[in-house]
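The values are calculated or read from the model by the stated rules, or taken from the named source; none is laboratory data. What you see is a predicted model; the values in this text were computed from it and never measured. Neighbour counts run over all protein chains shown; Cβ positions are idealised from the backbone, glycine included. The accessibility values were calculated without ligands, DNA or RNA, using every heavy atom of the protein model including side chains. Shrake-Rupley method; radii C 1.70, N 1.55, O 1.52, S 1.80 Å.
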Amino acid sequence: MTGRFRSSFMVLLLVVALLLTGVLAFQAYRAEEYHQETAGSVLQDYAELAAEELSSRVVQQVDYYGATPLLSYLAQSVGGQLPTLADATERSRLRQPAALVSAFFRIDLTGPDDTAGLQVEGTLEPEARGWLVDTVLADVARTAEEEWRFRTLFGPVGNGGLVVFYAAVQDGERPMGVVGFVSDRDALAGVVADAYSRGPVLPDALTRGRAADSTTSAVVTGPYGDAIYRSSREYSSPYTASAAVAPHLGGMTATVSLDPDLTESLISGGSPLRRLPLLIALFVLCAAMIAAAIALWRREQTVARLRSDFVSGVSHELRTPLAQIRMFAETLKLGRVRSEDERDRSLAIIDHEARRLTQLVENLLYFSRGERRAQRVELHLADLGELVSETVATFRPLATARQCEVVLETVSGVIAAVDVDAVRQMVLNLLDNAIKYGPVGQEVRVTVATVNGCGRITVEDQGPGVPSSHRSNIWRRFWRAERHLASAIAGTGIGLAIVQELAALQDAEVWVENRDTGGARFVIAWPGNDAIPDTAADIVGHKRARLNQAAVAE
């Protein structure tokens, strides 16, 4: 119970570790998302700052090109003759009015019945004059209650894209007239371009001296949504902001977009990296490692159970012959035999059980050396027929106890480079396997022959055979079929594993197949005669080459 609790507790710890890893990965992901959102918010603030800066520059630049001083000068001309552009430039100390002004106008509101009289100095199409009077007077009436220095009106694009700057001349609370000048969108676009090109619309600490169009792109639109100005570069950026230009400039909007390639340099320390793929990979790796740990633990549990069953099986296998030997030895020692036949029978049983015990101990020794990878073989040229005959003769008493007959068929001259003790153990294991799992009274046939130039030992029984699904498993250590586990047949599950290991050490092959008439056929085959060394020196060289190959394989 304690062992089961310990195992369950360990699995629980691994699962909890996986859950904690998932929580930490999620928290790291949320922290990354928060940092990304913060960085995005900062960059959006920069975009809004740039848009506000551009809108402020546009206002300043329009004044720089003469809107305020020119309208102040024109206001003095109410009731008189409009000045020429050259005269206005000289007297109003304008810096560059010609870049913005195409015509002056004055609308007097002091005539009879407050009718408007329009005077124009410069170029203004006749159809635009009517639009000018109607639009300006309507705007004056609409904004009569508001305070403003001057106002800007945009004509529809279909009217030539006129831009009108005007100011009202007051007589107390009543307007005496309106003065202003007419421009167009192209001229205004030039003014906006000068405003944008004055320098970066972001602080110098962020742009580090870069030109405005190398860090941002700008679009200034009119009240009808048409673009008045576009910068030479336009960036498709998620960090875009718009700001309304001063209301008295007619409802223009400045839109600024940050260069997405420079957003890293605008954030102190750089924008947070996207680590989601790395977090997912680390979580998957951790989950895989925990799954591997659980799988290894389960495998260790299975191996431990198999070893426990192995120890139990070995103990049972050892106890039975020892008990038999001890019982009949005591019978002989105490002189309880009643006849020579009983005495001979007791000695035969002692001999039989001693042979069983010897074979089991040899198996354990071979198994132990295999576990420690200390198994070694000494190759010698040997006649397989003679070697198998001696082994079968040794085993016959065991077969007789099971009422089985071992039939040997052999030919002379089947020579192979083998380890004599290893071959004996292999044949004994195959015979023991055949007797143990075959029916009582069966005939076990052992054949030694040369097939296709290869020395071959075959052991055939009349048992149930080996299903094809089990043919690869029977060579595994500790493995036993379910039907054998449920039966009373004793076994350790290492006999066939030792056969395969010893065969590999001698460059031999071993396999199993079912007979047509029922039962299993186990085959051990050595290389053909052309592969057999001729001298003792060749045998030594053959052995060293084989050991080197085994070392490289490990």
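Can you list residue pairs whose Cβ atoms sit under 7 Å apart, with the first residue in the range 186-203 being touching a residue at least 12 places away in the same chain (Cβ under 8 Å) and under 13 Å from residue 229 (Cβ atoms) and the second being part of a loop (DSSP other than H, G, I, E, B) and of a type in the set (Gly, Ala, Ser)? Count only pairs 6 or more apart in sequence or on different chains.
As it stands, the answer is 196/231, since those pairs meet every condition given.
Here is a list: 422, 417, 434, 449. Which entry is farther than 22 Å from residue 497 by Cβ, buried (at least 19 other Cβ atoms within 10 Å of the Cβ) and hydrophobic (A, V, I, L, M, F, W, C)? Explain how you work it out, then say what you get.
Details: 422 fails: farther than 22 Å from residue 497 by Cβ; 434 fails: farther than 22 Å from residue 497 by Cβ; 449 fails: buried (at least 19 other Cβ atoms within 10 Å of the Cβ).
Being farther than 22 Å from residue 497 by Cβ, buried (at least 19 other Cβ atoms within 10 Å of the Cβ) and hydrophobic (A, V, I, L, M, F, W, C) holds for just one of 422, 417, 434, 449, which is 417.
What is the one condition in (1) at pLDDT below 90; (2) closer than 15 Å to residue 386 by Cα that residue 408 does not satisfy?
(1)
If you go through the range 100-107 one residue at a time, do you hit one that is open to solvent by 40 Å² or more (accessible area, probe 1.4 Å) and either modelled with pLDDT under 80 or in a helix (DSSP H, G or I) (or both)? So that I can check it myself, show each step before the final result.
Just the residues of the range 100-107 that are open to solvent by 40 Å² or more (accessible area, probe 1.4 Å), to begin with: 102.
Applying the additional criterion that residues be either modelled with pLDDT under 80 or in a helix (DSSP H, G or I) (or both) yields none.
No, that holds for no residue.
Give the residues of the range 361-388 that are modelled with pLDDT of 75 or more and either farther than 30 Å from residue 527 by Cα or open to solvent by less than 40 Å² (accessible area, probe 1.4 Å) (or both), sorted by residue number.
377, 379, 382, 383, 384, 385, 387, 388
Starting from the range 448-475, keep only residues that are at positive phi, then list their pairs with residues that are at pLDDT below 85 and part of a strand (DSSP E or B) whose Cβ atoms are within a distance under 8 Å, requiring at least 6 positions of separation or different chains.
452/528; 453/528
With the range 178-290 as the region, which strands (runs of 3 or more DSSP E) entirely inside it contain at least 1 residues that are of a type in the set (A, V, I, L, M) and open to solvent by 20 Å² or more (accessible area, probe 1.4 Å)?
Numbers: elements: 216-221, 227-230, 240-244, 253-258.
Output list reads 216-221, 227-230, 240-244.
Within the range 6-28, does at least one residue satisfy the condition of being at pLDDT below 70 and either more than 25 Å from residue 194 (Cα to Cα) or open to solvent by 50 Å² or more (accessible area, probe 1.4 Å) (or both)? Working first, answer last.
Looking only at the range 6-28, we keep the residues that are at pLDDT below 70, and these are 6-7.
Of the ones still in play, those that are also either more than 25 Å from residue 194 (Cα to Cα) or open to solvent by 50 Å² or more (accessible area, probe 1.4 Å) (or both) are 6-7.
For the range 6-28, residues at pLDDT below 70 and either more than 25 Å from residue 194 (Cα to Cα) or open to solvent by 50 Å² or more (accessible area, probe 1.4 Å) (or both): present.
If a residue has to be modelled with pLDDT under 70 and crowded, with 17+ Cβ neighbours inside 10 Å to count, how many in the range 482-500 make the cut? Please lay out each step first, then the result.
Taking the range 482-500 and keeping what is modelled with pLDDT under 70, we get 482-492.
Applying the additional criterion that residues be crowded, with 17+ Cβ neighbours inside 10 Å yields 491-492.
Matching residues across the range 482-500 total 2.
Pull out all pairs, ordered by first then second residue, where Cβ-Cβ is under 6 Å, the residues are six or more apart or on different chains, the first lies in the range 289-312 and is modelled with pLDDT under 75, and the second is among the β-branched types (Val, Ile, Thr).
310/492
When the range 118-163 is examined, which residues are found to be among the polar types (S, T, N, Q), at pLDDT 85 or above and open to solvent by 30 Å² or more (accessible area, probe 1.4 Å)?
Kept after step one, since they are among the polar types (S, T, N, Q), are these residues of the range 118-163: 119, 123, 135, 143, 152, 159.
This time we only want the ones that are at pLDDT 85 or above, so: 135, 152.
Residue satisfying the conditions is 135 alone.
Is the range 399-410 home to any residue that is out of contact with any Phe, Trp or Tyr (no Cβ under 8 Å at 6 or more places or on another chain), under 25 Å from residue 350 (Cβ atoms) and open to solvent by less than 20 Å² (accessible area, probe 1.4 Å)? Reasoning before the result, please.
In the first step, residues of the range 399-410 are kept if they are out of contact with any Phe, Trp or Tyr (no Cβ under 8 Å at 6 or more places or on another chain); the result is 399-405, 407-410.
Now restrict to residues that are under 25 Å from residue 350 (Cβ atoms): 399-405.
Filter once more, so that each one left must be open to solvent by less than 20 Å² (accessible area, probe 1.4 Å): 399, 404.
Yes, the range 399-410 contains at least one residue that is out of contact with any Phe, Trp or Tyr (no Cβ under 8 Å at 6 or more places or on another chain), under 25 Å from residue 350 (Cβ atoms) and open to solvent by less than 20 Å² (accessible area, probe 1.4 Å).
How about the range 337-353: which of its residues are in a loop (DSSP other than H, G, I, E, B) and surrounded by 12 or more Cβ atoms within 10 Å (Cβ to Cβ)?
First, pick out the residues of the range 337-353 that are in a loop (DSSP other than H, G, I, E, B): 337-339.
Of everything in the range 337-353, just one residue is in a loop (DSSP other than H, G, I, E, B) and surrounded by 12 or more Cβ atoms within 10 Å (Cβ to Cβ), namely 337.
Got a number for residues in the range 29-73 being among the charged types (D, E, K, R), farther than 24 Å from residue 249 by Cβ and open to solvent by less than 40 Å² (accessible area, probe 1.4 Å)? Steps first, please.
Here is the first cut: in the range 29-73, the residues among the charged types (D, E, K, R) are 30, 32-33, 37, 45, 48, 52-53, 57, 63.
Those left that are additionally farther than 24 Å from residue 249 by Cβ: 30, 32-33, 37, 45.
From the residues that got through so far, the ones that are open to solvent by less than 40 Å² (accessible area, probe 1.4 Å) too are 32-33.
Going through the range 29-73 one residue at a time, the tally reaches 2.
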